[in-house]
Amino acid sequence: MDVFVYGTLTERERVATVLGDADYEFAGRATLEGLHRVDGRYPTLVPGGSVDGRLLAVDDAGLERLDRYEGVERGLYVRVAVPETGAAGTDGEQCWVYVGDPDRLGVDAPWPGNGPLRDRVETFVSQTDAVVRNRE
């Protein structure tokens, strides 16, 4: 499964440290359209614009390690599915994207809507043309 990365996880050394012996590979460059990067305590995404990054193909063990690294259980980041398109065989598939909680990361860019962050991000993605475009 693909994960769109746009911060520290674009660095090969960091990925090797985080994922260890999990099965993974960098799967090319990509652009996430519909969200853009902002920097706070750690980088996160907010509605509008686009951000360049990379695709990281991981197995289930790798995804679990990424969740721990991103602090999903602590509520620091949420993991949401975004449609992926552009490379042979990816149209209609989903790509995982981590979005940090703006309040916890010191970013003044609230997500629209009410309720938990995951729900607000998923609603935004489903109601817009947000997409990860594989450029390779």
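The values are calculated or read from the model by the stated rules, or taken from the named source; none is laboratory data. Worth saying up front: this structure is predicted, and the values here are computed from it rather than measured. We place every Cβ from the backbone using ideal geometry, glycine too, and count neighbours over all the protein chains shown.
Determine the pairs where a residue that is within 17 Å of Arg79 (Cα to Cα) and in contact (Cβ under 8 Å) with a residue 24 or more places away in the chain, located within the range 108-136, has a partner that is surrounded by 16 or more Cβ atoms within 10 Å (Cβ to Cβ) and among the acidic types (Asp, Glu) with Cβ atoms under 7 Å apart, the partner being 6 or more residues away or on another chain.
Note: pairs meeting the criteria are Leu117/Asp101; Ala130/Glu33; Val131/Glu33; Val132/Glu84.
For the range 17-48, enumerate the residues that are in a helix (DSSP H, G or I) and hydrophobic (A, V, I, L, M, F, W, C).
Val18, Leu19
Hey, could you check the range 73-110 for residues that are crowded, with 19+ Cβ neighbours inside 10 Å and not in a strand (DSSP E or B) and say which is nearest to the chain's Cα centre (by Cα)?
Filtering the range 73-110 for residues that are crowded, with 19+ Cβ neighbours inside 10 Å and not in a strand (DSSP E or B), the one nearest to the chain's Cα centre (by Cα) comes out as Asp101.
Go through the range 117-134 residue by residue and tally those that are in a loop (DSSP other than H, G, I, E, B) and surrounded by 13 or more Cβ atoms within 10 Å (Cβ to Cβ).
Number of matching residues: 2.
Just checking, does the range 78-88 include any residue being free of Cβ contacts under 8 Å to residues at least 60 places away in the same chain, among the β-branched types (Val, Ile, Thr) and closer than 15 Å to Arg118 by Cβ?
The answer is yes, given that some residue of the range 78-88 is free of Cβ contacts under 8 Å to residues at least 60 places away in the same chain, among the β-branched types (Val, Ile, Thr) and closer than 15 Å to Arg118 by Cβ.
Look through the range 1-15, keep the residues that are in a loop (DSSP other than H, G, I, E, B) and in contact with a Phe, Trp or Tyr (Cβ under 9 Å, 6 or more places away or on another chain), and return whichever of them is surrounded by the most Cβ atoms within 10 Å (Cβ to Cβ).
Tyr6
Consider Gly49 against the criteria (1) surrounded by fewer than 16 Cβ atoms within 10 Å (Cβ to Cβ); (2) modelled with pLDDT of 95 or more; (3) at negative phi; (4) not aliphatic (A, V, I, L, M): it satisfies all of them except one. Which criterion is unmet?
Exception for Gly49: condition (3).
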